[in-house]
Each structure stands twice: as C-alpha cells, then as structure tokens.
Amino acid sequence: MSQGTPFRWNADTVGQIVLDSDSQRIFDEASALDQKVCEAFVTWRDTVYRYLLAVTNSPTDAEDLAQETFIRLFQDLRRGQRIDNLRAWLFRVAHNLAVDLSRRPCRVHAAESGLADQVEDLRKDSEPDAECRILERERIDRVLARLSPQERHCMELRTEGLRYREIAEVLGIRVPTVQTVLRRAVQKLSSESHE
C-alpha cells in the first residue's frame, strides 16, 4: 500500500474497504465517540430541552440550543476534552448558550412573545377549563416574576434534578451561594402562595 493511502480495496469482495491499522483505530474511536454522544443525547435531550424552554420560553430556541449543546459535546470529546460530570457539563453549556442568545442585539424577548402565544392558544381552546388554565399560568408568571434571573435559573436546574454542586458548576457560583439563592427563592414563592 502506498504511504499516502489510508485504505485499499479488497480484491475478493468488491466495495469492501480494508483500513490500515492506524486508520482502523481512528475509525473505531470515531464510531465509539458517535455512540457515546448518541447515548448522551437519548438520555439527556428531554431534560436539557425542558431547561432551555424554561429559560428561553421559546420552543424553537430551546430546540436549537439543545441541538447545539450536543454538537458541542461531540466537538469537545473529539478534541479530547475530559468531562467528569456529563450532566453538569451539558447544563453549563446549555445555560451559556441561552445567555448568549439573550444578549444578541435586536432580539425579540421570547418570554414576552411566548407568553402571548400561550395565552392565545389557550383562548382558542374550546375546553371549559381553558380560562382556569390561563388564570393559573398568569398566577405562575406573576410568582416567577418576583424571582431574580439567578433565582429562576437555580430553581429550574433544581427542578431538573441537579444537585447543589452541579447547579454551582453550571452557573459558575459557589455551593453556599446556590443554597442561599434557593432558600431566598423558596421564601419568595412561599410568601406569594400565602397572599
């Protein structure tokens, strides 16, 4: 085989490629990486999507950002980056992508347009409890509006099952800060429900 050719054709079976040992190793590593990322995607895509939906309030943005999160996972693993806590890594990347999205100039606030779309969808709903759902959604939005962005992010990540240490890693803050922020958020939510 020539020096520059990574593979050769097997004369006995037309169309079958025989790779040299280095090329076969690279091919096997790429296949294993694809499989790892696919497994991570199947395991975590819904959770990451729900978090991004809560943060962006836009199904389209949440879907795009979730896909970008897993693309970055593939790219970083391919570059050889070591990831000790996959769940925290995925949420940190998703969170950072959502923050970057919110900072883009000329961006229509998805939270405002998304809520208007939800209310409109509910108004179109012919079920008798549609009005109750609209009122409940408005109450939830009113309660959540009392929380700071950091409190909302901590609550959303905790709702997705992340531990305090993982939330701290995702948001780039210390664990005691996560504890304080969550305690403050729970107190705000508790006082709102008693009013």
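Asp64 to Arg79: extension gain in nm, 0.36 nm per residue of separation minus the Cα-Cα distance?
On the way: separation 15, 0.36 × 15 = 5.40 nm, distance 2.26 nm.
Roughly 3.1 nm would be gained on extension.
What order do you get for 55-67, 75-87 when each peptide is scored by the mean count of other beta carbon atoms within 10 Å, highest first?
Values: 55-67: 19.2, 75-87: 11.8.
Output ranking for 55-67, 75-87: 55-67, 75-87.
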What's the extension gain from Thr43 to Arg165 if we count 0.36 nm per residue and subtract their Cα-Cα distance? 41.9 nm
Full-extension gain between Leu33 and Ser102, please, as 0.36 nm times their residue separation minus the C-alpha to C-alpha distance. 21.7 nm
Taking Cys38, Cys154 and ranking on accessible area (1.4 Å, protein atoms only), highest first, one gets Cys38, Cys154
What accessible surface, in Å², does a 1.4 Å probe find on Val42, ignoring ligands, DNA and RNA and rounding to the nearest 10? 90 Å²
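The values are calculated or read from the model by the stated rules, or taken from the named source; none is laboratory data. A quick note: this is a predicted structure, and the numbers were derived from the prediction, not measured. Here Cβ is always computed from backbone atoms with ideal geometry, including for glycine, and neighbour counts include all displayed protein chains. Just so you know, the surface numbers come from the protein's heavy atoms only, side chains and all, with ligands and any DNA or RNA stripped out. Shrake-Rupley method; radii C 1.70, N 1.55, O 1.52, S 1.80 Å.
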